[in-house]
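Okay, structure first, notes after.
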Amino acid sequence: MSSMPEIKEELVFDRPGVLADKPTHYCPGCQHGVIHRIVAECLEEFGLVEKTIAVSSIGCSVFLYNYLMVDTVEAPHGRAPAEATGVKRARPEAFVFAYQGDGDLASIGLAEIMHAANRGEKLTIIFVNNTVYGMTGGQMAPTTMIGQKTTTCPAGRCAEREGGPMRMAEIIAGLDGVAYSARVAVNSIKNLAQAKRAVRRAFETQLHGDGFGFVEFLATCPTNWRMTPVAANERVAKEMIPGFPLGVYKDAAKED
Amino acid sequence: MSGKRIFIKGNEAIAHGALAAGCRCYFGYPITPQNDIPEMLSSAMPAAGGQFVQAESEVAAANMLLGAAACGVRAMTTSSSPGVSLMQEAISYMAGSELPGVIVNMNRGGPGLGDIGPSQGDYFQSVKGGGHGDYRTMVLAPATCQECYDLTFEAFELAYKYRNPVLLLGDAIVGQMKEPVVPREPLAVDPEEGGDWKLTGRGQRAPRLLKSLFLEDGALAGQNILLQRKYESMRDEVRVEDFETKDAELVVVAFGSIGRIAKSAVRTLRAEGLKVGLLRPITLYPFPDSVLRELAAAGKRFLTIEHNLGQMVDDVRLAVRGLADSAFYGVFPGNLPTPDEFLEPIRAAAKGA
């Protein structure tokens, strides 16, 4: 029996403890998992796990609570910002964030997101924009791009018929109560690092009591886009980012 | 009792009752005829160390209530008929997620925009669920300003006892009238209330989840079995005002403001020697079926009077079925009836006509 050569190991990468140790239900190539991880890392880095209350919303990401081990309440379609308002007002000492998709936030819940932002509620909204309704089977979203085919605009979204895609990070940035609004993507390592910086800033905004923090993620939906995961990721760079430019649209703390 | 009487509107009594019950989060949206409540609480709630938010809509107000309720903080929203329709989504979710909260409906005329006059046209919506799915809310119906105060106070206790939304169904009459009210000693809410389910941030314990989505095979059935069991157990809370039914040949069944007006009519007819009495359900859900059934078994006839075109009468008939029926007299929504208006219908029903 020969002895094994001794290898010195150094752990450089691990799963955040607040993320459950189980496979997600998301389709291959979907980026919800990556976004969950960024949120999880930031919660741990700021030491917020124990004082966080999450509001999970509708669609594929409702099961956020199966993966993120924090206190969570579920919201009806579009109402997460109103519900999160109730949570934060009831427990001002808690760290509160809501996780919403594009149909949820930009269509049925447009009033709730605009007014929570305008009131300057001390919340963080993680907004995942994949330009399509995911769980309901690929219908047109308010963020669907011109020419993009969905099950309810099979010939491609037409501006004259359906209007153009709503750019929420810019819209939200225009409201007085907003302390931070940014759009990020996770299609490349560089963008991923920027995305994490944005979530960190949005979290800081809440922790400093500055007001409303909003981070829009551009994300893939290979299943409903009828694409391979690789092609879907390429679409983010080729079509989505030009249509939804990345960047920080408001950072009130920096402007002071 | 903390003694000193105050002279206030029914709407204001609701606001006072909520504050005394430890309500510390209020969310609302203006709508007539209940605006006295948010107007008063906009200053009184922050003064009591609580939160007041004028929401962007009734939809948002009810969902803010849902969020605060999930945190185990005593919270309330108030509205009137069209606004309460918009709140039904959140109320269904609160029932599904078993969250306690108080929703006040100062009923006005409908359907649709209707008018701003009094009505009891939201009876069906209040007691049969209102939103989607199989659920019930406990429903309390005040007839006086004192009851507006007391029943609001007790609504919070019941909401927490059953972990369920509790609805107070008043109307434009009781909301706008002014009467002396004896306030209670303000409640010191137990900080441990809701301690086994409320969201606080997980701290050192396992994370908690409040939800109404149950996708696993059989899970939703399991949740609904628990909910139905709970709704059944609410029967212990049945409350009625019984006025001279013992020797009555005819029992008038009426709730809220109409119950009070009908009581005056019954009193007048008693003085004429007519053997009539009044049963006023104070809890509309749970409905006092067994009380009515006992009266039916004792051979009474029934007349249901409502400020609508026939809603509670269905429940009265179900309660007394096989033994008796109920006549019906409806006041059109928006109209304001006097006791005299009820004299003839009661006489006619007493004769068995």
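The values are calculated or read from the model by the stated rules, or taken from the named source; none is laboratory data. Computed from a prediction, not measured in an experiment: that's the story for all the values here. Cβ sites come from the backbone with ideal geometry, for glycine too, and all protein chains shown count toward neighbours. When the accessible area is computed, the model is the full protein with side chains, heavy atoms only, and any ligands, DNA or RNA have been set aside. Shrake-Rupley method; radii C 1.70, N 1.55, O 1.52, S 1.80 Å.
Among the numbered conditions (1) on the phi < 0 side of the Ramachandran plot; (2) within 14 Å of another protein chain (Cβ to nearest Cβ); (3) open to solvent by 10 Å² or more (accessible area, probe 1.4 Å), the only one that B:GLY203 does not meet is (1).
Only one of B:VAL73, B:VAL53 is open to solvent by 10 Å² or more (accessible area, probe 1.4 Å), within 8 Å of chain A (Cβ to nearest Cβ) and in contact with a helix residue (DSSP H, G or I) (Cβ under 7 Å, 6 or more places away or on another chain). Can you tell me which? Working first, answer last.
On the way: B:VAL53 fails: open to solvent by 10 Å² or more (accessible area, probe 1.4 Å).
After applying the criteria, what remains is B:VAL73.
Of all residues in region A:190-221, those satisfying the criterion of being touching a residue at least 12 places away in the same chain (Cβ under 8 Å) and open to solvent by 30 Å² or more (accessible area, probe 1.4 Å) are A:LEU192, A:GLN194, A:LYS196, A:ARG200, A:ARG201, A:GLU204, A:LEU207, A:HIS208, A:GLY209, A:ASP210.
For region B:317-353, name all the residues that are open to solvent by 80 Å² or more (accessible area, probe 1.4 Å) and part of a helix (DSSP H, G or I).
Once the filter is applied, which keeps residues that are open to solvent by 80 Å² or more (accessible area, probe 1.4 Å) and part of a helix (DSSP H, G or I), region B:317-353 yields B:ARG317, B:LEU318, B:ASP340, B:GLU344.
Residue check: is B:VAL252 part of a strand (DSSP E or B) and within 30 Å of B:MET106 (Cβ to Cβ)? Yes; evaluated as a whole, the condition is true for this residue. If the condition is being touching a residue at least 60 places away in the same chain (Cβ under 8 Å) and charged (D, E, K, R), then region A:1-50 contributes A:GLU41, A:GLU45. Only one of the listed residues (B:ASP242, B:ASP217, B:ASP171, B:ASP247) is more than 14 Å from chain A (Cβ to nearest Cβ), without any contact (Cβ under 8 Å) to a residue 60 or more places away in the chain and within 26 Å of B:TYR149 (Cβ to Cβ). That residue is B:ASP242.
In this structure, A:ALA237 does not satisfy being free of Cβ contacts under 8 Å to residues at least 12 places away in the same chain and either in contact with a Ser or Thr (Cβ under 6 Å, 6 or more places away or on another chain) or of a type in the set (Gly, Ala, Ser) (or both).
Applying the set (1) within 19 Å of the chain's Cα centre (by Cα); (2) in a loop (DSSP other than H, G, I, E, B); (3) surrounded by fewer than 20 Cβ atoms within 10 Å (Cβ to Cβ) to A:ASN187 leaves exactly one unmet item: (3).
Take the residues of region A:23-56 that are more than 14 Å from chain B (Cβ to nearest Cβ) and part of a loop (DSSP other than H, G, I, E, B): which is surrounded by the most Cβ atoms within 10 Å (Cβ to Cβ)? Out of the qualifying residues, it is A:GLN31. Within region B:174-200, restricting attention to residues that are open to solvent by 70 Å² or more (accessible area, probe 1.4 Å) and touching a strand residue (DSSP E or B) at 6+ places or on another chain (Cβ under 8 Å), the residue that is farthest from A:TYR65 (Cα to Cα) is B:LYS178.
The set of residues from region A:57-85 being open to solvent by 10 Å² or more (accessible area, probe 1.4 Å), of a type outside the set (Gly, Ala, Ser) and either more than 7 Å from chain B (Cβ to nearest Cβ) or closer than 20 Å to A:PHE212 by Cβ (or both) comprises A:ILE58, A:CYS60, A:PHE63, A:ASN66, A:TYR67, A:HIS77, A:ARG79.
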